[in-house]
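Engineer: Below are the structure tokens for one structure; questions will follow.
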Amino acid sequence: MSRAVEAPVAGGLNRRPARPRAVAGRTGLYVLLVIVALIFLVPLLWLLSLSLKSEGELSTPAWLPKTLQWSNFKDAVTLIPFGKYVTISVFLAIVQSGLATLSSALTGFGFARLRARGKRALFLVVVATLMLPQIVTVIPTYLIFARVHLVYTYWPWVLWGLAGSAFLIFLFRQTFASIPMDLEDAAIIDGCGYFRIFWRIFLPMAKAVLVAGFVLSFTAAWGDFITPSLFLDSDHTTLAVGLSGGYTTAAGTPIYTALAAGSVLYVLPVLILFIVAQRGFINGFVTSGLK
Amino acid sequence: MTTAEAPATIRLPADVQAAAPRGWKRYRARTFYAFVSPWLAGFILLTLFPLGYALWLSFTNFDGMTGHYRYVGLDNYADIFRDPDALHSLGRTALYTVITVPAAIIIGTALAVLVNRPVRGRAAFRAIFYLPAVVPIVASALCFKMLFDSDFGLLNHIFNQLHLQTIQWLADPLVFWVMIAMTLWGVGGTMIISLAGLQGIPGELIEAAKVDGANAWRAFTRISLPLLSPIILFEVITGVIASIQAFIPALLLSIQSGTVAATSVPQSNYLFMIHAYAQYFDYGRFGYASALLWALFILILVLTAVIFKVSGRAVFYESGPDEAAQAAAGQAAGEQATGGKVER
């Protein structure tokens, strides 16, 4: 009986009357969890609070401003070419993640279902690139692209997309490897080629992973700072870069209330996506992606 | 390796052969290469070639502008050891790594243990702890700048209320700790990986230990931790790789009046990659900067190998190192390999 409190319960909490010590332990656990949760939320809440304060209220410690300054958000979208930055961010993120998802699916299918000399060695390369420090290739790529006039264009994002991502290739390989051989055999008997098998049978079966892959690479592209700051000029750049360099007065002093409001707007889509697909993020995308 | 590969063609059952179109072979090398060609072309063009280009530059004195540059052999690499700024930055990176990697693993695993318990609302707690890991780096940096700002930051407001001297958090030497706090705020990623590992541990094992009189701590250190060790090894390696190349937090925390410049990064946040970045984009010493980049790459390779070697005895593999390494690689790809491969 004594282990009942500790035992993981499948469908909710244990309803049996617990002993006083266990109750104290449980309360302690809740207090701890709530305190840690508050610590994790404070940076975002403080940002939200600043985004609704007036300039004068910045130096006051109050969390809630006297009147909510929604005009900060108007400043946020007018002081910098916000709409343009958002359009570029969304465009580049869709191009890169769309192509990366598709290209990784193709490659993952190749590794999961096809055979050829050199396959094993190439798969080791995929795993190795998972561990490759990104920045070591990004800066030389910039130097090369600068020579062939690919910087200040959106082509690098197309190329990065086509190249796929090692992480997604691994994910797709695992997914496709788990699909029974019978399906493939049946299609072959019907005279299907491998591309049709991939497109008509395997891809539709991997819808969940396709969505996961797209969402993950979209958030990564939306949050990326270093590549747009290197490869794009400051007039045609993404929100991530525009935000961190914008919102200053003519004299160069930052306008913090507008900056905070702009940051809130920038984080919001990611937060909404996270809340909507939270279970996917935590249980699916990150730890399995295999449903 | 390639000789151990399966033959390129495989014999199909007679009826399948009969049904398949004439001249159709089930496994053709070119089918495979057609499928992987976008990735392979991208790998050659965007990874291999840039790496090689940087290696070649590292043996020259190229300044990014003039066409007149020459081969200087290993001079650039020798210069690293004579450059006090490079050595200083290496020290800062080492300190950053030595603090953040263990801290992230300890905090992440502790949080994973907490949210693995059957408490009410644990899905919400998991979400809250993981949330900062999905916040884009630019926004995290802005959050922390506003939290630690000397005039309107929350920390200094609290200090004011307590009648304490307010502090310049975003200047030397404290800005280093702000960067560490910012890094650890994103500990949710580590938590999720540890959590997946914990969920792969069969409940009966813990139950059995409890029946035998072990308390929760003992059950954790004697059963969960050894079973978790391949996951922790994975976290150590990815953590080390990530922190050695880290520089964006340092760069973003020191943005002044809208301009990003490696040269305005305070001394205590002057990480190795900041130094390399400054050599490239502020001083145009492309040859030397490429040598720094390759030195970093080699350092990462060596450290990874050393960690694997040293951890050999400390890491517990129930199913042999090969499978566990596969499981670790699977984890790297976000697969739920922990339950499937390590424990069985």
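Throughout, read-outs are computed from the coordinates displayed, never taken from laboratory work. Predicted, not measured: the structure shown is a model, and the values here were computed from it. So basically every Cβ, Gly included, is an ideal-geometry build from the backbone, and we count neighbours across all protein chains shown.
Engineer: Treat every Asp and Glu Cβ in chain A as -1 and every Lys and Arg Cβ as +1, leave all other atoms uncharged, and give the resulting dipole magnitude about the Cα centre to the nearest 20 debye.
Structural biologist: 1160 debye
Engineer: I'd like the per residue volume of the convex hull spanned by the Cα atoms of the protein assembly as shown, given in cubic angstrom. Working shown, then result.
Structural biologist: Values: hull volume 125.0 nm³, N = 635.
Here the figure is 197 Å³ per residue.
Engineer: Note down the nm distance, to one decimal, between modelled labels 7 Å out along Cα→Cβ at A:Phe91 and at A:Lys207.
Structural biologist: 3.1 nm
Engineer: Each label point is 7 Å from the Cα along the Cα-to-Cβ direction; what then is the distance between the points at A:Arg279 and B:Val302, in nm?
Structural biologist: Here the modelled spin labels are 5.0 nm apart.
Engineer: How much length is gained on full extension from B:Lys309 to B:Thr166, taking 0.36 nm per residue of separation minus their Cα-Cα distance?
Structural biologist: Values: separation 143, 0.36 × 143 = 51.48 nm, distance 4.71 nm.
Gain on extension, B:Lys309 to B:Thr166, equals 46.8 nm.
Engineer: Another question about this same structure. Is there a simple number for the mean count of other chain Cβ atoms within 10 Å of the Cβ of residues in A:260-272, and what is it? It would help to have the intermediate numbers written out before the result.
Structural biologist: Details: counts 3, 0, 2, 10, 2, 0, 5, 8, 1, 1, 5, 4, 0.
Per-residue shielding by partner chains comes out at 3.
Engineer: Which FRET efficiency value, to the nearest 0.05, do you get for B:Ala110 and B:Leu205 by plugging their Cβ-Cβ distance into 1/(1 + (r/R0)^6) with R0 = 22 Å? Before the final figure, lay out each step's value.
Structural biologist: Details: r = 20 Å, r/R0 = 0.91.
After rounding to 0.05, the efficiency reads 0.65.
Engineer: Counting just the Cα atoms, what span does the range A:149-291 cover along each of its three principal axes? Round to the nearest Å and put the largest first.
Structural biologist: Computed over the Cα atoms, the extents are 73, 40, 19 Å.
Engineer: Here is a follow-up. For B:Leu225 and B:Arg117, calculate 0.36 nm times their separation in residues minus their Cα-Cα distance, and state this gained length in nm to one decimal. It would help to have the intermediate numbers written out before the result.
Structural biologist: Working: separation 108, 0.36 × 108 = 38.88 nm, distance 1.60 nm.
That works out to 37.3 nm of additional length.
Engineer: I want to check the label-to-label distance for A:Val77 and B:Arg218. Put each point 7 Å from Cα in the C-beta direction and report it in nm to one decimal.
Structural biologist: Those two pseudo-labels are separated by 6.3 nm.
Engineer: Then there's this: So, in Å, what gap is there between the alpha-carbon centers of the range A:172-224 and the range A:105-142?
Structural biologist: 18 Å
Engineer: Rounded to the nearest 0.05, what FRET efficiency do B:Tyr71 and B:Leu45 have when you use their Cβ-Cβ distance and R0 = 30 Å?
Structural biologist: In this case the efficiency is close to 0.75.
Engineer: Could you tell me the calculated FRET efficiency between B:Phe159 and B:Ala78, based on Cβ-Cβ distance and R0 = 45 angstrom, to the nearest 0.05? Provide the component values of the computation, followed by the final result.
Structural biologist: Numbers: r = 48 Å, r/R0 = 1.06.
Once rounded, the FRET efficiency stands at 0.40.
Engineer: Moving to a separate point now. Suppose every Lys and Arg Cβ carries +1 and every Asp and Glu Cβ carries -1, with no other charges. What dipole size does the protein assembly as shown come out with about its Cα centre, to the nearest 20 debye?
Structural biologist: 1960 debye
Engineer: I would also like to ask the following. Across peptide A:213-221, what mean number of C-beta atoms from other chains lies inside 10 Å of a residue's C-beta?
Structural biologist: Partner Cβ neighbours, averaged per residue: 1.
Engineer: Search the structure for amide H atoms under 5 Å from the amide H of A:Thr248, placed 1.01 Å from N in the peptide plane, and list their residues when 5 or more places away or on another chain.
Structural biologist: For A:Thr248, whose amide H was placed from the backbone, the distant partners under 5 Å are A:Ile255.
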